[in-house]
Amino acid sequence: MNTLGIYVQVPFCQTKCTYCNFHTGVVSSARFAPYVQCVCEEIARHQEFYAAAGVDLPAGIADAVVDTIYIGGGTPSLLDAGHLRQIVDAIRGNFVAKLTEVTLEADPETVTAEKAAAWVAAGINRVSFGVQSFSDEELKAAGRMHRRADVYRAAAILRRAGIANISFDLIAGLPKQTRGSWRESLDALVELGPEHVSVYLLEVDEGSRLGGEILRGGKRYSAGDVPRDDDMAEFYETACLVLEAAGYQHYEISNWARPGFASRHNLKYWRREPYLGFGAGAHSFSGTERWANAHDAARYVNAVMAGRLPVEQHERLTREGALEEELFLGLRQLEGIDVARIEREYGVQLDSRFARLTSAGLIEREGSLVRLAPGRVSVSNEVFVELMK
């Protein structure tokens, strides 16, 4: 059975976090309903829109069964529960759907008992929390709206509503973070026992206010209180040890799960399985092409209302490009990649690419499987750069 994942982008937030480099905005809630209506319009007319934009949708995708939905952002939990139901119903009405995992990204302070009950009624069975830290000092410095107590309150509400699959995000490297406060965040997470955990290192680039300030050597946004790179690497290694001891399986560089709770939707990204994205800035992958909608929400709404899809990026993958994705995305998974399959499908020999990395102790090979070597996950970017040479 061909399966398909669907991602829906909701680019609205209550405030812009200092570290955020996403294309999101703080807007009036009056703009939510028109945006949702346009997302549903795009879902209903996606084949027509793709054809007009020059996207060739393979027949296998048109016949595929949608088994996962991921509603991300931004902060999609800001939407009324009726808006979220409208989106899920639009997907059910325009695709063959046998949903096993429907994820909603949520910020802890936006969760209420009424919302949680309505989310469950709409078919949402997984919630991904942007916790980032359990330290109020770090949350305040990062511009987050919630505090430690909100996470405990919201998690309890979700459990009472029947949500049995919860994911927590943490960020290693936030301003004012210390070895002690990081361990406290990890311990609090383990205490609450989410089924899934994502740990990300702070990204420093011009795309965020904090990143730009760090690069300029300034002090605003607590830029002077950001841990050193070596400290962030240590925090990541600590997370690996703590989460493993708590029974979480490390299945992707940034992700851990209890047995049976790996993100089914996100695995599609790393396994290069097809997914369609709807909404401003949403990305799609058909197996042979990648495309993305315009990031600006107003431009997106205006285009859909005018009967067209504002495709901002469109790439037909070359054989070499697809091969590089197989290696890069495949090695992000701790189980590794099946080299024999890749060599067979792409008509290549990869021994020379892996030899220098194997001799350097960065990767290990077991039969046809190649994976990052134990203890080398924290330097995975160096491995990927070397592999692509």
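How far apart, in nm, are two points set 7 Å out from the Cα along the Cα-to-Cβ line at residue 324 and at residue 203?
Reported label-point gap for residue 324 and residue 203 is 1.8 nm.
Using Cα positions and a limit of under 29 Å, work out the lysines in reach of residue 389, with same-chain residues fewer than 8 apart set aside.
Within reach: 268.
Roughly how many nanometres apart are two label points built 7 Å out from the Cα toward the Cβ at residue 335 and residue 220?
4.7
With θ taken as phi - 60° and the coefficients 6.51, -1.76 and 1.60, list the Karplus ³J(HN,Hα) couplings across region 365-377 in order, rounded to whole Hz; mark glycine and proline as x.
Taking θ as phi minus 60°, the curve returns 10, 9, x, 8, 8, 10, 9, 4, 5, x, x, 10, 4 Hz for region 365-377.
Would you mind telling me the share, in percent, of accessible area of the chain contributed by carbon and sulfur at probe 1.4 angstrom?
Taking all protein chains in place, the chain shows 50 percent carbon and sulfur surface.
Which one of 183, 376, 264 has the biggest mean-square fluctuation once the chain is modelled by GNM with Cα springs under 10 Å?
376
Which residue, 95, 285, 129, has the most motion in a Gaussian network model of the chain that connects Cα atoms within less than 10 Å?
95
Among all the lysines, which ones have a C-alpha under 16 Å from residue 140's C-alpha, if same-chain residues fewer than 8 places away are not counted?
16, 176, 219
Charges only on Cβ, +1 for Lys and Arg, -1 for Asp and Glu: so what's the dipole of the chain about the Cα centre, in debye to the nearest 20?
Here the chain has a charge dipole of around 620 debye.
What ³J(HN,Hα) values, in whole Hz, does the Karplus curve 6.51 cos²θ - 1.76 cosθ + 1.60 give for region 271-285 when θ = phi - 60°, with x put for Gly and Pro?
Each residue's phi maps through the Karplus curve to give 9, 6, 8, x, 8, 10, x, 10, x, 5, x, 6, 9, 9, 8 Hz.
What's the extension gain from residue 360 to residue 137 if we count 0.36 nm per residue and subtract their Cα-Cα distance?
Fully extending the segment from residue 360 to residue 137 adds 76.2 nm.
State, as an integer percentage, the relative contact order of the chain based on alpha-carbon contacts under 8 Å between residues 6 or more apart. Before the final figure, lay out the partial values.
Details: 692 pairs, mean separation 62.2, N = 389.
It rounds to 16 percent for the chain.
Residue 96's amide H: which non-local residues (gap 5+, or another chain) put their own amide H closer than 5 Å, with H modeled 1.01 Å from N in plane and none for Pro or chain starts?
Correct list: 66.
Over the chain, with a Gaussian network built from C-alpha contacts below 10 Å, which listed residue (279, 347, 212) shows the highest mean-square fluctuation?
Looking only at 279, 347, 212, the biggest GNM fluctuation is shown by 347.
Karplus couplings for region 128-136 from phi (6.51 cos²θ - 1.76 cosθ + 1.60, θ = phi - 60°), rounded to Hz, Gly and Pro as x?
9, 8, x, 6, 6, 6, 9, 9, 4
Can you list the residues, at least 5 places off or on another chain, whose amide H is less than 5 Å from the amide H of residue 69, using H built in the peptide plane?
Amide H neighbours of residue 69: 6, 101, 102, 103.
Once every DSSP H run of n ≥ 4 in the chain is given -39500 (n - 2.57) and the sum is divided by its residues, what mean residue ellipticity at 222 nm do you get, rounded to the nearest 500 deg cm²/dmol?
Details: 16 runs with 162 residues, N = 389.
Mean residue ellipticity at 222 nm (helix-derived): -12500 deg cm²/dmol.
Place a +1 charge on the Cβ of each Lys and Arg in region 260-364 and a -1 charge on the Cβ of each Asp and Glu, then give the dipole magnitude about the Cα centre in debye, rounded to the nearest 20.
Dipole magnitude for region 260-364 comes out near 260 debye.
What distance in nm lies between label points placed 7 Å from Cα along the C-beta direction at residue 288 and residue 190?
5.0
How big is the dipole moment of region 119-194 about its Cα centre under a simple scheme where the beta carbon of each Lys and Arg is +1, that of each Asp and Glu is -1, and everything else is neutral? Debye, nearest 20, please.
The calculated dipole for region 119-194 is roughly 140 debye.
The values are calculated or read from the model by the stated rules, or taken from the named source; none is laboratory data. Not measured: the values here are computed from a predicted model. Ideal geometry is used to build each Cβ from the backbone, glycine not excepted, and the neighbour counts take in all protein chains shown. The accessibility values were calculated without ligands, DNA or RNA, using every heavy atom of the protein model including side chains. Shrake-Rupley method; radii C 1.70, N 1.55, O 1.52, S 1.80 Å.
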